[in-house]
Structures are given as structure tokens and as C-alpha cells.
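Everything below concerns the one structure shown next.
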Amino acid sequence: MGRLINGPNGPFIGKAGSFVGYTVNGVGYIKGLYKLRTKPPTEKEAFNQKKFAVAQKWLHPLTIFVRAGFRGYNERFQGFVAAKSYLMKNALKVIDDQIVIDPALVRISSGTLPLPENLECTFQEPDIFRFAWTPSLWETHGYDQLIVLVYDIENGQAYGKVYGKDRSSGEQLLSVGNPIGKTFHAYAGFIAADRSRQSDSVHFGKFEF
């Protein structure tokens with residue numbers, strides 16, 4: 001039995017005959033009941049499933065970051081699902097039948113919030129990444145917070161802060177422990193103080209030690 005929401009003209013939740021109704025972010029959807037598949041996937045389907053798995057594995061250590069960085073991405077999906085969709089459309093490539101993710105094209109946040117001027121990332125011995133920018137209170141953005149990530153992809157280790165220093169501070173320091181023998185990719189963006197929107201993130205390149 002389905003349950004009507006907002007009367008007979010609104011979306012319904014639950015099962016009604018051969019259909020299932022549900023809502024995502026306040027938007028109603030309807031689909032047919034799942035049918036057990038008896039045929040094996042085609043070669044193309046199997047390869048698409050593999051691409052999904054690669055994207056899922058790559059993003060999994062970043063879950064808490066992209067949930068905040070892709071909040072409110074669009075009316076249909078946000079958070080991890082939106083980050084995965086963005087990655088697959090923009091950063092996932094197939095080269096000689098090998099699935100490759102270009103870290104430079106990945107985002108950890110997406111939105112219309114403006115970035116500060118002169119945002120940069122440098123490394124300071126022995127284990128500190130320094131993120132710096134020009135402080136500003138322009139348009140009351142001074143209390144926006146940095147979302148910052150340093151990602152050791154090979155070992156699946158993510159270092160960072162979902163809600164870091166305020167825009168007005170101009171600096172964030174981040175320790176990654178012993179970096180020797182590791183390769184990191186650094187990212188940063190900003191999240192509005194009222195959590196209403198985010199900026200597009202910036203990729204600062206690869207740091208090899």
C-alpha cells in the first residue's frame with residue numbers, strides 16, 4: 001500500500017501495484033518493481049559496473065569531505081552520489097582499456113561561493129602542508145570556512161578538515177605525519193558560514209616525497 005503525500009495530487013511513498021513511489025530531497029519519483037535478472041551482464045554493462053566500482057573505491061576515503069562539499073548539488077542528488085557523478089563525467093578516463101582517474105580533474109566541493117584571492121598550497125618540513133590566501137571580509141564572507149584535503153591515493157589515506165579555518169584568518173596548517181615515500185594530492189575550497197553553498201575546489205598538484 002502506498003501513502004499519499006500532500007493529497008491525491010502529491011507524490012506517494014511505498015508500493016502500489018507494480019510501482020514504488022519515493023522521494024529524494026523533497027522530489028517525488030516513481031519506478032517499477034525490481035525484477036530479478038537472469039541473464040549475465042553484457043561486456044559493456046560489466047565494464048560500466050567496473051567503472052562505478054573504481055570511482056566508488058577512489059572516493060570512499062573522502063566520504064565526509066564530499067558529503068559537505070557537494071551539499072545541495074542539485075535537486076536530484078547531492079553529497080557522495082553527486083561527487084561520484086561529477087568524477088565519472090569529468091575525471092574518469094579509459095586509456096588502452098584501463099580505467100584511470102585524473103586527480104587534477106576531481107573536485108571535493110562544488111558551488112558558486114567565491115574563492116579568495118591568492119589561494120595556494122606549499123609544503124613545510126617536516127610534515128606540514130600550508131594553505132594560504134588573502135584574508136577578506138568582502139560581502140561578509142569572513143566566516144566562511146576552508147574545506148581542505150591532502151590525499152595519499154595509493155594508500156587510501158585522507159588528511160584534512162571539513163570545516164577548517166575561517167576565510168578571515170588567511171592560513172591553515174595541516175600535518176600528514178611521515179611523508180617519506182608517499183605521494184599526495186592537495187585540494188581546498190570554502191564552505192559558507194551558514195552552510196548554504198560551497199565553492200568549487202582547487203587542485204594544487206602532486207607532492208612526491
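Values computed for the structure shown
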quantity: Y187 vs. criteria assigned to a strand (DSSP E or B), closer than 28 Å to V54 by Cα and touching a strand residue (DSSP E or B) at 6+ places or on another chain (Cβ under 6 Å); calculated: yes
quantity: Unmet requirement for F70, which otherwise passes all of (1) loosely packed, with under 11 Cβ neighbours inside 10 Å; (2) under 11 Å from the mean Cα position of the chain (by Cα); calculated: (1)
quantity: Elements of type strands (runs of 3 or more DSSP E) in region 1-108, at least 2 residues being within 30 Å of E154 (Cβ to Cβ), among the acidic types (D, E) and modelled with pLDDT of 90 or more; calculated: none
quantity: Contacts under 8 angstrom Cβ, first residue in region 151-180 being part of a loop (DSSP other than H, G, I, E, B), partner surrounded by fewer than 18 Cβ atoms within 10 Å (Cβ to Cβ) and polar (S, T, N, Q), 6 or more apart; calculated: I153/T183; E154/T183; R167/S136; S168/S136; G170/T134
quantity: Selection status of P114, modelled with pLDDT of 95 or more and either assigned to a loop (DSSP other than H, G, I, E, B) or in contact with a Leu (Cβ under 7 Å, 6 or more places away or on another chain) (or both); calculated: no
quantity: Residue tally, condition in a strand (DSSP E or B) and either among the hydrophobic types (A, V, I, L, M, F, W, C) or modelled with pLDDT under 95 (or both), over region 117-147; calculated: 8
quantity: Residue in region 136-148 that is among the aromatic types (F, W, Y), in contact (Cβ under 8 Å) with a residue 40 or more places away in the chain and buried (at least 19 other Cβ atoms within 10 Å of the Cβ) present; calculated: no
quantity: Flag if V162 is touching a strand residue (DSSP E or B) at 6+ places or on another chain (Cβ under 7 Å), surrounded by fewer than 19 Cβ atoms within 10 Å (Cβ to Cβ) and closer than 13 Å to S201 by Cβ; calculated: yes
quantity: Number of the exception - D127 against (1) more than 20 Å from the chain's Cα centre (by Cα); (2) at positive phi; calculated: (2)
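The values are calculated or read from the model by the stated rules, or taken from the named source; none is laboratory data. If you're wondering where the values come from, they're calculated on a predicted model, not measured in any experiment. Every residue, glycine among them, receives a Cβ derived from its backbone with ideal geometry; neighbour counts consider all protein chains shown.
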